[in-house]
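Before any comments, here is the structure.
None of the figures in this text is laboratory data; all of them are computed from the coordinates on show. Everything numeric here is computed off the predicted structure, so don't read it as measured data. Here Cβ is always computed from backbone atoms with ideal geometry, including for glycine, and neighbour counts include all displayed protein chains.
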Protein chains: 2
Amino acid sequence: MSHILGVRQAQKQKTRQALMDAALALLEEQSLSSLGLREVTRAVGVAPTAFYRHFRSTADLGVALVEEALGSLHPMIRATVTSADSSGERIERAVDLIAGHVNAYPAHVRFIARERHGGVQPVREAIRDQLGRFADEVKAELAEDAEAEGWSDDDLLMLSHLYVDQMLITASLFLEALEASPEDRERVGLLATRQMRLISIGRRHWLD
Amino acid sequence: MSHILGVRQAQKQKTRQALMDAALALLEEQSLSSLGLREVTRAVGVAPTAFYRHFRSTADLGVALVEEALGSLHPMIRATVTSADSSGERIERAVDLIAGHVNAYPAHVRFIARERHGGVQPVREAIRDQLGRFADEVKAELAEDAEAEGWSDDDLLMLSHLYVDQMLITASLFLEALEASPEDRERVGLLATRQMRLISIGRRHWLD
DNA sequence: AATTCCGGAGAACAGTTGTTAACTGGATGA
DNA sequence: TCATCCAGTTAACAACTGTTCTCCGGAATT
């Protein structure tokens, strides 16, 4: 996977990552469409023109951030949804996964929630594509379940989107509760768990 | 309700509304956090300083837009959720209401979807408050239903939030499909209907 | 009819923005 | 070792931003 990079390429990737990190930090208090290129380079400590060595524009940077934020998440989602044990345990595992991810990468989660409907079209599209892939993968997992007997492809995808959207809503709620009391965060977890459970109950009786 | 305004106050409200309309139009291609005050006044055709006669800042304008976009929606939601006939018909009515509203006020819907998780805190809070009120009202309607027998207040509110979030997701999908083919828009409607139906099925079997 | 009020205009302010061009100096490959 | 490459720098550009202060003219009040 990892090539042995020369000193030059390593340095380039380092500043590129620094630009992305700085942007992500700045985006906690604004939207991508108001993020200035000079603002980012100033935070990193490089000249404004250095930005162009890595990105064509801040929108371009945003697309790269989408890849960073969601690209590595696919195996985790698959692993979480798979799990052949009880449905209740699967839900708890999913909620815990989300809570843990929000704790570990709050800026990434905030960025995705913010720019999913944000003012920069290419970024919206990148997020939509990634979420669409999530839905496809969840669908593939659901299809292998015994409960999927008799379900049409269309209905499976419908349910998958419901789950994916619910995951995002839950992540956003955990994010809001990040600086709140532990009891509040626990309450968010319980709320999300019950909502997922209700959806799963609907799934179980869908074919009645 | 409506006072008879003097010429002066009428003119003031007129330019205030013009500022809000221009801002809403400009926000179709960017986020509020990048909306400049001069940009808005230029679009209206007034001096930049005139802006301050109406709003302290663009964030302030945003809060006013939230009120305009969501404030008048409460009675509609109540009326749609009430309706004592079949659950299936109620869902279809709700989806139609959403589709119609998106067609009638696309810029408002886009604004809410965009700024709900956007970069301007006061606006986020204003939207959160309004959506919270929606959830409370939906909950009150659900509580009067016969199916609410044995439901805890907490579970009713859980379900209400699920419904409200689902409405927003649906509105956002309709928005994306606004310029798509009529078949695509119909597909969005069917998807949303089935998702709402699945949630309603989950509701029916919640107490099992 | 005389006075106050006030929404909007005008000019000016110091800072900021994206983008260009030409450059430097160390890593790279022959 | 020497020529090439290229990430990052410096300087300059016109255009733009939010905000202040001063002023105007017509509506509102007395």
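Numbers for the structure displayed
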item	result
For B:Asp85, inter-copy label distances in nm, listed shortest first [label point 7 Å out on the Cα-Cβ vector]	4.8
Environment charge at A:Ser160 (Cβ cut-off 9 Å; Lys +1, Arg +1, Asp -1, Glu -1)	-2
Cα-projected label distance for B:Ser72 with A:Val7, points at 7 Å along beta-carbon direction, nm	6.8 nm
Candidates B:Pro106, B:Pro122, B:Pro182: whichever shows maximal mean-square fluctuation once chain B is modelled as a Gaussian network with Cα springs under 10 Å	B:Pro182
Estimated 222 nm signal from helices in chain B, with DSSP H stretches of n ≥ 4 weighted -39500 (n - 2.57), rounded to 500	-23500 deg cm²/dmol
Loop-located GluC sites (Glu not before Pro) in the stretch A:29-72 whose Cβ has at most 16 other Cβ within 10 Å (DSSP)	A:Glu29
Across the identical copies, how the A:Gly6 labels are spaced - nm, sorted shortest first, 7 Å along Cα→Cβ	7.7
In sequence order, calculated HN-Hα J values of the stretch B:137-147 (Karplus, 6.51, -1.76, 1.60; Hz; x Gly/Pro)	5, 4, 4, 4, 5, 4, 4, 7, 6, 5, 6
Shape call, the protein assembly as shown: gyration tensor on alpha carbons, a/c limit 1.5	oblate
Of the GluC sites (Glu not before Pro) in the stretch A:111-159, those whose Cβ has at most 13 other Cβ within 10 Å and which sit in DSSP loop	A:Glu149
For chain B, radius of gyration divided by Kirkwood radius, i.e. Rg to Rh on alpha-carbons	1.03
Leading residue at positive end of dipole, the protein assembly as shown (Cβ point charges), from B:Gly189, B:Ser160, A:Gly119	A:Gly119
Among A:Met76, A:Met167, A:Met196: highest mean-square fluctuation, GNM of chain A, C-alpha pairs under 10 Å	A:Met76
Nm distances between copies for B:Asp60, ranked from closest, using label points 7 Å along Cα→Cβ	3.9
Rough spin-label spacing in nm, given labels placed 7 Å along Cα→Cβ, for B:Arg204 and B:Glu39	4.9 nm
Nearest-20 debye value, the stretch A:96-208 charge dipole, Cβ charges on Lys, Arg, Asp, Glu	500 debye
Fewest-first sequence of B:Arg114, A:Arg56, A:Arg203 by Cβ atoms within 10 Å of each Cβ	A:Arg56, A:Arg203, B:Arg114
Hz values of 3J(HN,Hα) by residue in the stretch A:32-38 - Karplus curve (6.51, -1.76, 1.60), Gly and Pro given as x	4, 5, 10, 7, x, 5, 5
Residue of B:Thr170, B:Thr58, B:Thr49 that the Gaussian network model of chain B assigns the largest fluctuation, springs spanning Cα pairs under 10 Å	B:Thr49
